[in-house]
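To keep things clear, I will list the structure first and then write my remarks on it.
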Amino acid sequence: MRFDIITTLPRLLDSPFGDSILKRAIQKQRVEVHVHDLRQYATDKHRTTDDYAFGGGAGMVMLIEPIDRCIQKLKSERPYDDVIYMSPDGELFNQRMANELSLRQNLILLCGHYKGVDERVREHLITKEISIGDYVLSGGELAAAVVADAVIRLLPGVLSDETSALTDSFQDNLLAPPVYTRPANYCGWPVPDILLSGHQAKIEAWRHEKAVERTRQRRPGLLDGVKTD
Ligand code: SAH
C-alpha cells in the first residue's frame, strides 16, 4: 500500500512516520509513505499556495492550481483508489473506515490549512473527505497522520503479533477487555485469578464477557448486532 500526503508543512509529518510501528512498517516495505511539499507545485517565485477569499472575510484560502498540479502529477504515475481531503465536515473516521482503507492500494491525502481549500478542489479533484472528529485543527497534517496510522497498523506484517489488531477495540464492534502484566499482585491489587489459571478457553470466555461488559457500560450503541451471550 502507498500513501501520498500533500501538505504545505511537510516537516509536521516527520515524527509520526519516523518512529516505532510506522517507521518499521516503512522499513519493512509493508507501506510507502510519500510526503509532497505543495510549495514545490506553486507557479510563482514566492511559491504562493494561498490567497485572500473572494468576497472578503478573515482567513486565507488554499489555491486550486498547485493542488491540481500535484494531484495530476501523482495520477500520471499510478492510479489512485481515492483522493482524500482531510476536513472537519468530512465523513467521520472510525475503525470500519480504517479497515476499508487498508484494502486499498494507493491513496492521496490532502491536508488543508487556514480556511481550507478553494471549493472547486473539493468539487472536481477530491473523491472522499474524512474528518477525525467534531473539532477544528489548524491543519490537516495531524489528521492525515491519524488516518495513516490507524490504517497502516492493520496491514499484514506490520504488528509483530499478527492477531493483535484483531483484538483491539472496535474490531467486532466491541471495546477491548482489560489487560494485565507482572506483577500478579501489586501492593495488594491482584490480577484476576482466571488469567493465571492457564485455561485458555476460560480465559477467552472471560475476555469476551469483559469486552461486552465494558462496551455495555461505555459505548452501548456499538452492541447492536453483536452476539453478547
Ligand atoms: N474553515 C474550515 C476549517 C479549516 S481548518 C471549517 O470551518 O470547516 C484547516 C484545515 O485543517 C482543514 O482544511 C483540514 O484539512 C484540517 N482539519 C481541521 N480539522 C479537521 C478535522 N477535524 N478532521 C480532519 N481535518 C481537519
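What to note about this one:
- Residue in the stretch 152-167 that is surrounded by 15 or more Cβ atoms within 10 Å (Cβ to Cβ) and either in contact with a strand residue (DSSP E or B) (Cβ under 7 Å, 6 or more places away or on another chain) or among the hydroxyl-bearing types (Ser, Thr, Tyr) (or both) present: yes
- Subset of the stretch 97-112 (residues that are surrounded by fewer than 16 Cβ atoms within 10 Å (Cβ to Cβ) and free of Cβ contacts under 8 Å to residues at least 40 places away in the same chain): Glu100, Leu103
- Filter result for Val33 (within 16 Å of the ligand (Cβ to nearest atom), among the β-branched types (Val, Ile, Thr) and either more than 16 Å from Gly139 (Cα to Cα) or in contact (Cβ under 8 Å) with a residue 40 or more places away in the chain (or both)): no
- Residue match in the stretch 177-193 (condition: part of a helix (DSSP H, G or I) and over 30 Å from Val117 (Cα atoms)): yes
- Residue match in the stretch 151-169 (condition: closer than 24 Å to Gly18 by Cα, within 14 Å of the ligand (Cβ to nearest atom) and of a type in the set (A, V, I, L, M)): no
- Hits in the stretch 1-50 (condition: of a type in the set (S, T, N, Q), buried (at least 18 other Cβ atoms within 10 Å of the Cβ) and outside any strand (DSSP E or B)): Thr8, Thr49
The numbers here are math on the coordinates, done by the rules we state, and not lab data. Owing to the predicted nature of the structure, the values given are computational and were not obtained by experimental measurement. Neighbour counts run over all protein chains shown; Cβ positions are idealised from the backbone, glycine included.
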